[in-house]
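Mind having a look at this structure? Questions to follow.
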Amino acid sequence: MQPPDSGVSVRAATEALQAAPDIDRFTEVYEHTVDEGHGAFAQLHQFLESAANWCRDRGALDSAGELDSWTTRLEELIEDARLLPESLTIESARPPRNERRRQAALQPSPSASTTKPAPVLPADGPRAGAAAPAAVRHR
């Protein structure tokens with residue numbers, strides 16, 4: 001099944017992305033939309049280049065320069081966006097966060113002591129950390 005042509009409808013690509021049942025389908029739709037020459041980013045890149053050329057042809061050089069700057073920034077964004085499928089594949093190979101928390105809870109704490117706990121003092125006995133009244137102190 002071919003992903004929708006994002007140049008025709010970014011909405012269709014968005015809906016296909018949201019409905020993706022697994023990482024393989026998500027990646028297929030995502031890469032088609034981001035990476036392909038007819039994808040949404042490519043279409044926007046072409047649009048910005050055309051707008052810059054139009055401005056340049058009419059002497060609006062500041063506007064053409066601004067559009068060229070946006071085109072360069074979009075190229076950087078496209079390069080960054082192309083890395084997502086690799087990161088997603090690595091991330092999806094790890095257990096889900098809830099599973100990691102459950103596994104961590106089952107592990108003994110590295111700070112847990114293996115010695116016997118201190119005996120509990122009677123309620124009327126001295127309390128840990130509390131100083132004895134001056135009259136009770138031993139010399």
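If a residue has to be more than 19 Å from His32 (Cβ to Cβ) and touching a helix residue (DSSP H, G or I) at 6+ places or on another chain (Cβ under 7 Å) to count, how many in the range 42-63 make the cut? If you could, list the steps in order and put the result at the bottom.
Step one: filter the range 42-63 for residues more than 19 Å from His32 (Cβ to Cβ), giving 48-63.
Subset that is touching a helix residue (DSSP H, G or I) at 6+ places or on another chain (Cβ under 7 Å): 48-49, 51-52, 55-56, 63.
Final tally of qualifying residues: 7.
Return the residues of the range 66-79 that are at pLDDT 95 or above and either in contact with an Asp or Glu (Cβ under 9 Å, 6 or more places away or on another chain) or under 15 Å from Ser50 (Cβ atoms) (or both); say none if nothing qualifies.
Once the filter is applied, which keeps residues that are at pLDDT 95 or above and either in contact with an Asp or Glu (Cβ under 9 Å, 6 or more places away or on another chain) or under 15 Å from Ser50 (Cβ atoms) (or both), the range 66-79 yields Glu66, Leu67, Asp68, Trp70, Thr71.
Within the range 24-36, identify whether any single residue is in a helix (DSSP H, G or I), within 19 Å of Leu74 (Cβ to Cβ) and basic (Lys, Arg), and answer yes or no. Spell out the reasoning first.
Of the range 24-36, the ones in a helix (DSSP H, G or I) are 24-34.
Pick out the ones that are also within 19 Å of Leu74 (Cβ to Cβ) and you get 30-34.
This time we only want the ones that are basic (Lys, Arg), so: none.
No, because not a single residue in the range 24-36 is in a helix (DSSP H, G or I), within 19 Å of Leu74 (Cβ to Cβ) and basic (Lys, Arg).
Which of the residues that make up the range 29-46 are surrounded by fewer than 18 Cβ atoms within 10 Å (Cβ to Cβ) and either in contact with a Phe, Trp or Tyr (Cβ under 6 Å, 6 or more places away or on another chain) or under 20 Å from Thr89 (Cβ atoms) (or both)?
Glu31, Asp35, Glu36
Give the range 64-83 a look and list any residue that's free of Cβ contacts under 8 Å to residues at least 24 places away in the same chain, open to solvent by less than 90 Å² (accessible area, probe 1.4 Å) and either within 19 Å of Thr33 (Cβ to Cβ) or in contact with a Lys or Arg (Cβ under 6 Å, 6 or more places away or on another chain) (or both), or say none.
Hit for the range 64-83 is Ala64, nothing else.
The values are calculated or read from the model by the stated rules, or taken from the named source; none is laboratory data. In this text, all values refer to a predicted model and were calculated from it rather than measured experimentally. Don't worry about glycine lacking a Cβ; one is built from the backbone with ideal geometry, like all the others, and counts go over all protein chains shown. Please note that ligands, DNA and RNA were not included when accessible areas were found on the heavy atoms of the full protein model with its side chains. Shrake-Rupley method; radii C 1.70, N 1.55, O 1.52, S 1.80 Å.
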